[in-house]
Structure formats: structure tokens, C-alpha cells
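The values are calculated or read from the model by the stated rules, or taken from the named source; none is laboratory data. The shown structure was predicted, so the numbers you read here are calculated from the model rather than taken from an experiment. Neighbour counts are summed over all protein chains in view; Cβ atoms, including those assigned to glycine, are modelled from backbone coordinates with ideal geometry.
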Amino acid sequence: MTALALEIGPTRFAASRVAQDVEADDVRQVPIPADGAWDRCLALLKEVAEGREITALGIACAGPIDMAAGVVAPAEIAEWRTGFAIVAAAEAAFPGASVYLAVDGVCLALAERNIGAAKEAMDALALTVSDRIRGGITVGGFVVVGRTGNAGNIGHVLVPGYDEPCACGSRGCLEAVAGGAAAVRWAQDRGWGGASVDELVAAARVKDEIAAAALGRAGTALGLAIVSTAALLDLDLAVVGGTMAAAGPALWEPLSAAVAAHAQLSYLPGLRVVPSTLGELGGLAGAGLLALTPRR
Ligand SMILES: [Zn+2]
């Protein structure tokens, strides 16, 4: 019995064998190639399987997906943008293996709920804020999948007071304000000289004024989206991970202030917002949990 986990995008493929949990030491990663994406995935999976027969595969993929059809359409992979039948492709490559697919945010919520900071929480929001934003929700102890498999996509809830165009085609989405790529662009437009989210976070830590303002803006928008979601779903906990969340007070102080300012309903002040403990492995760990489903 060999179960594998695969995480797709937005910038890399990551894969690991899974027994109980994904172990960081076993994870192998490659950048997404310009073409031949599925061949690269297969090569990576065979590499981590090390000749063993693959019996189960859990796939976490950047959205959107069509869960019932087993089709993914991540914007970041040009050749898959209009839809790639990944479950059928995986079943053909590994005959007899059970293949499970979920959007990366749902996998993240699964991981936080089972092995992360949301272990004790029946009603929780899990999100990562890196270049992009992904999220997943747990309600009544169950991770919510939604009609098509894309529930919890908090990056595209609208944030009042912002009107930035979003890659999805709408305007004022959380990701267009608080996603790392958006925050970098905002800072660059104001004269900041860096190029990446890591650089932006490092600059904010040493009190670069523009970088700190970009993080502050992102923190406020995140706080607004989190408290709105908590009002809707009566949440106990929000778990925030990703590169931007590593910025420390520059992000967390405005985030907490926005939550506190808007948590006016009687049930909202109990909402806790905490950092993730899963690092970059949340999505992949969730894919591992999917792969282990039949044996749990
Ligand atoms: Zn959007």
C-alpha cells in the first residue's frame, strides 16, 4: 500500500508519500514547467513512489476545479486553464489506484482541522496568504466542499472600501488587495524597489515605510474579510498562514484591529485569529489526508 499526496500550484508541484502525515523531509518540489505539466507531475509522483505500486493518490489543486468531473482549471497553468481531466489522467497512469481531488483551500482546511491549529475547533476558517490567497471552512466539524468543490474561496469575497481589479475579472476582491502579488504591486507603484513577497515582508520587518503600509493595508482587508466570514458562519477560529502572515506585527496588528473594530455582535468577540503551524505544507498535508481516507 503506497499512498501519495500531490499539490499543484500556483507556482510549484509538490509530492510526498504519506503514511500518517506528510513529513517535511519526504516532500519533493519542482517548479511548474511552461508545458508538459502532466508529464512533469507523473515523473515527480514516480520519483516519490520509488518503484512501489501506488494504491491511493490525493490531489490538492489551485482552483477553480470541477470536483464531480475530476477536472481542474488553475489560471496559473496555461495548458490547463480551460480544464484538464486530472482524475481520469491519474487513474489511467496508475490503474487500480484510488484517486481523490479537492481544491487546495479545502485540503488546507482538512489539514488544519485534523493536524493543525484548528484541531479543537468545530467552526473554523483556514487561509494562506502568499502571492495568492486560498481558504477553506469547517462548519460543525466538517470541512465544507460546496456544490462544485470550490467552497471557502475567501480570496474572492469583496472587501468594502477597495476597488482594485482582480485576476478573476471582478473588482475589490480580497486577493486583489491582500494577496502578496497585489501588495507587492501596490508598493512598487509607490516607489518601493523590491520584487517579491519575501522581500516585501523583510522590508516591513525593518520598518520600510511603503512596505509596512502595504502590509497594513493587506492586514486591514484580511481582518474585514475574516470578521465578515465569522459573522456569517459563527466561527470559533481563523487560522492564517502563508508568506504574508510571517510579516509579524506589520500585518497582524491592523488585522486584529479590523477584527476588533467590527466584531460587534454578541457572538463575535469570542473569535480567535491565530497563525498556522503547518508552514508551507498545509495543502499537501490535506491531499495526504484525502489519500488516506479509505483507511481512516
Ligand atoms: Zn476575484
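Counting the residues of the range 164-173 that are within 8 Å of the ligand (Cβ to nearest atom) and either touching a Gly at 6+ places or on another chain (Cβ under 6 Å) or farther than 16 Å from residue 224 by Cβ (or both) gives 4. Just wondering, is there one or more residues in the range 179-189 that are more than 15 Å from the ligand (Cβ to nearest atom), of a type in the set (A, V, I, L, M, F, W, C) and over 21 Å from the mean Cα position of the chain (by Cα)? The answer is yes, given that some residue of the range 179-189 is more than 15 Å from the ligand (Cβ to nearest atom), of a type in the set (A, V, I, L, M, F, W, C) and over 21 Å from the mean Cα position of the chain (by Cα). Residues of the range 95-140 being among the hydroxyl-bearing types (Ser, Thr, Tyr), assigned by TED's automatic domain parsing to the domain that holds residue 199 and surrounded by fewer than 23 Cβ atoms within 10 Å (Cβ to Cβ), which ones? Answer for the range 95-140, where residues must be among the hydroxyl-bearing types (Ser, Thr, Tyr), assigned by TED's automatic domain parsing to the domain that holds residue 199 and surrounded by fewer than 23 Cβ atoms within 10 Å (Cβ to Cβ): just 130. With respect to residue 119, is the statement that it is basic (Lys, Arg), within 18 Å of the chain's Cα centre (by Cα) and farther than 22 Å from residue 148 by Cβ true? Taking the combined requirement at face value, the residue satisfies it. A residue that is farther than 24 Å from residue 125 by Cβ, out of contact with any helix residue (DSSP H, G or I) (no Cβ under 9 Å at 6 or more places or on another chain) and not small (Gly, Ala, Ser) occurs nowhere in the range 232-239. Scanning for something at pLDDT 95 or above, on the phi < 0 side of the Ramachandran plot, buried (at least 19 other Cβ atoms within 10 Å of the Cβ) and of a type in the set (D, E, K, R), does the range 172-194 turn up at least one residue? Among the residues of the range 172-194, at least one is at pLDDT 95 or above, on the phi < 0 side of the Ramachandran plot, buried (at least 19 other Cβ atoms within 10 Å of the Cβ) and of a type in the set (D, E, K, R), which makes the answer yes. Residues that are more than 10 Å from the ligand (Cβ to nearest atom) and within 19 Å of the chain's Cα centre (by Cα) were ranked within the range 148-163; the one that is surrounded by the fewest Cβ atoms within 10 Å (Cβ to Cβ) is 148. Entry remark, the range 260-296: residues being without any contact (Cβ under 8 Å) to a residue 60 or more places away in the chain and either buried (at least 24 other Cβ atoms within 10 Å of the Cβ) or closer than 19 Å to residue 14 by Cα (or both) number 1 in total.
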